[in-house]
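Take a look at the structure below.
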Amino acid sequence: MYASREDIGYDFGDDSKVRSKPVKPNPNIDGGWAWMIVLSSFLVHILIMGSQMALGILNMEWLEEFNQSRGLTAWVSSLSMGITLIVGPFIGLFISMCGCRTTAIIGGVLNALGWILSAYAANVHYLFLTFGVTAGIGSGMVYLPAVVMVGQYFQKRRALAQGLSTTGTGFGAFLMTALLKYLCTEFGWRNAMFIQGAISLNLCVCGALMRPLSPKDLREKYVVRSDSEENRAKALSHSTETVKSNGVLGEEPDKKEEAANAEVLGSVQHVEIGGKSGSGRSMYGLRLFKTVSQLTVTVRKGFALWYSSYFGAASLFTNRVFVAFVIWALFAYSSFVIPFIHLPEIVKQYNLSRQDNVFPLTSIIAIVHIFGKVILGIISDLPCISTWNVFLMANFTLVTCILTLPLMQTYVGLAVVCALIGFSSGYFSLMPVVTEDLVGTKHLANAYGIIICANGISALFGPPFAGWIYDITQKYDFSFYIAGLLYMVGIIFLLIQPCIQKKQPREKSTEEAQV
């Protein structure tokens, strides 16, 4: 089965150049400041994803306050979760132009503003705009840089690093559930959202920790990666032909772009040197012109990379396994968020509120989710284990739990299923690793932006759909069954495409032998 992108035959040009000279690795790659990046990403997951996993508490408060249907009220949480992920491709453009640090700091301010404005909501539709859209966009502007930065700083221990950083979702769900419960009980839900907005300003601090690597450091990482994979590449000689036939995000457009940019900056510097003898006002104008020119070059380069990844002749969508991955993401995430949003209501229906108050089911998912991410990350980093196989096994376990959950009507049964959901959903820490294996580090921001955008669409429609089904049937059973079946369709796409892709080079080589 699938092990890495070389097995499939895709290489997007970022690590194709293998140099013979030994390169001294940067101490910040897989160590040093890299662990501060993990800490920053960990805190981002607590404040963003953890808070969103605890929205079931606020959802019950909104139902009582505004007296709207469950389907309509669930749109508030879904908009926040969905937009956080849907804006991924556009946040990739911001990252290409401004960098991860600036993008994350701006996002932290927007997220805090969304929480604070939501405290003054007069109706559910007001929350759509303030909490769903404003806080959602802010969350997306912090979340994607947090994931991308970990991928940039780690090479040998990527799965473990992503696993440790994303455990913040589990910690956050556990902590934020308890915090929001306490704040809503003591101060009311409006003051609770205001306080949470103040706490969210810490996202700006997390963004400030995202110190960018220099281009030289990134090149050294690519070289180290190429050297470590050279032996495997020799056994995969067919991959070059497959790449040529399917399109490559090559380096020639980048070289032309860099040459044009250098020409622009060179002309500006020439004018500046020639005008040194002019007046102070003229020099100020020249420096301003130079600054604007450099900013224009940065924007052009970032937009060119973003555009070529999505719409160019050799875009990411020429990778059929990546397309299958996107289709899977369209169905997968709703199966995870539906329990978080609607479990409090299910517990209330089954008259299990007393047991749930002692140890909430959502907290069980959150705690086990922590261990799931770390353990699956450690297993995936083992040299004899395929990350793809671990990813698939976790998906099969999760979809089985989603289909089984409606059958459990006791607290113990629900607790066991929730624990399995928490552990198997630890595969989220492997998603950036699998994405990077498919497209390479250079295109990770844009590719992962597409993946989380598909997840966002799933999160956007999943909880309202479950609420709508409940309004019709007065049961959540069919919601879980339909979500589980759609999830299974996505898994089937993941199984089919790698097999087809590995089969094609063999068929091609057989035809060439006959000729």
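Assorted remarks:
- Here segment 464-480 is the region considered, the condition is being open to solvent by 70 Å² or more (accessible area, probe 1.4 Å), part of a helix (DSSP H, G or I) and not aliphatic (A, V, I, L, M), and the residue that is nearest to ALA74 (Cα to Cα) is TRP468.
- LEU376 modelled with pLDDT of 80 or more and more than 23 Å from the chain's Cα centre (by Cα): no
Let's see how each residue does on (1) at pLDDT 90 or above; (2) of a type in the set (Ser, Thr, Tyr); (3) within 28 Å of PHE359 (Cα to Cα):
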{"residue": "TRP115", "(1), (2), (3)": "yes, no, yes"}
{"residue": "THR134", "(1), (2), (3)": "yes, yes, no"}
{"residue": "SER139", "(1), (2), (3)": "yes, yes, no"}
{"residue": "VAL142", "(1), (2), (3)": "yes, no, no"}
{"residue": "GLN152", "(1), (2), (3)": "no, no, no"}
{"residue": "THR166", "(1), (2), (3)": "no, yes, yes"}
{"residue": "THR169", "(1), (2), (3)": "no, yes, yes"}
{"residue": "MET176", "(1), (2), (3)": "no, no, yes"}
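- Scanning segment 152-203 for residues that are within 28 Å of TYR448 (Cα to Cα) and basic (Lys, Arg) yields a total of 3.
- Among the conditions (1) of a type outside the set (A, V, I, L, M, F, W, C); (2) surrounded by fewer than 24 Cβ atoms within 10 Å (Cβ to Cβ); (3) modelled with pLDDT under 90, the only one that TYR182 does not satisfy is (3).
- Some residue of segment 432-453 being open to solvent by 10 Å² or more (accessible area, probe 1.4 Å) and under 18 Å from THR169 (Cβ atoms): no
- Breaking point among (1) out of contact with any Ser or Thr (no Cβ under 8 Å at 6 or more places or on another chain); (2) not in a loop (DSSP other than H, G, I, E, B); (3) not β-branched (Val, Ile, Thr), for GLN68: (2)
- The number of residues in segment 196-208 that are in contact with a helix residue (DSSP H, G or I) (Cβ under 6 Å, 6 or more places away or on another chain) and part of a helix (DSSP H, G or I) comes to 7.
- For segment 334-352, the criterion of a residue being farther than 17 Å from GLN409 by Cα, open to solvent by 10 Å² or more (accessible area, probe 1.4 Å) and touching a residue at least 12 places away in the same chain (Cβ under 8 Å) is satisfied by at least one position.
- Selection within segment 146-162 - more than 14 Å from MET49 (Cα to Cα) and open to solvent by less than 10 Å² (accessible area, probe 1.4 Å): VAL148, MET149, VAL150, GLY151, TYR153, PHE154, ALA159, ALA161, GLN162
- All of GLY108, GLY88 fail the test of being crowded, with 24+ Cβ neighbours inside 10 Å, over 18 Å from MET431 (Cβ atoms) and touching a residue at least 60 places away in the same chain (Cβ under 8 Å), apart from GLY108.
- Restricting attention to segment 470-492 and to residues that are among the polar types (S, T, N, Q) and at negative phi, the residue that is farthest from the chain's Cα centre (by Cα) turns out to be THR473.
- Number of the exception - GLY32 against (1) open to solvent by 20 Å² or more (accessible area, probe 1.4 Å); (2) modelled with pLDDT under 85; (3) at negative phi; (4) in the same structural domain as ALA121 (by the TED database): (3)
- Some residue of segment 373-388 being outside any helix (DSSP H, G or I), open to solvent by less than 50 Å² (accessible area, probe 1.4 Å) and among the polar types (S, T, N, Q): yes
- THR510 meets each of the listed conditions (1) at pLDDT below 60; (2) outside any helix (DSSP H, G or I) apart from (2).
- Members of segment 407-431 that are out of contact with any Cys (no Cβ under 6 Å at 6 or more places or on another chain), open to solvent by 10 Å² or more (accessible area, probe 1.4 Å) and part of a helix (DSSP H, G or I): LEU407, TYR411, VAL412, GLY413, ALA415, VAL416, ALA419, PHE423, PHE428
The values are calculated or read from the model by the stated rules, or taken from the named source; none is laboratory data. Keep in mind it's a predicted model, so treat the numbers as computed, not measured. Please note: Cβ atoms are built from the backbone with ideal geometry, for glycine as well, and neighbour counts cover all protein chains shown. Ligands, DNA and RNA are stripped out before the accessible areas are found, and what is left, the full protein with its side chains, is counted by its heavy atoms. Shrake-Rupley method; radii C 1.70, N 1.55, O 1.52, S 1.80 Å.
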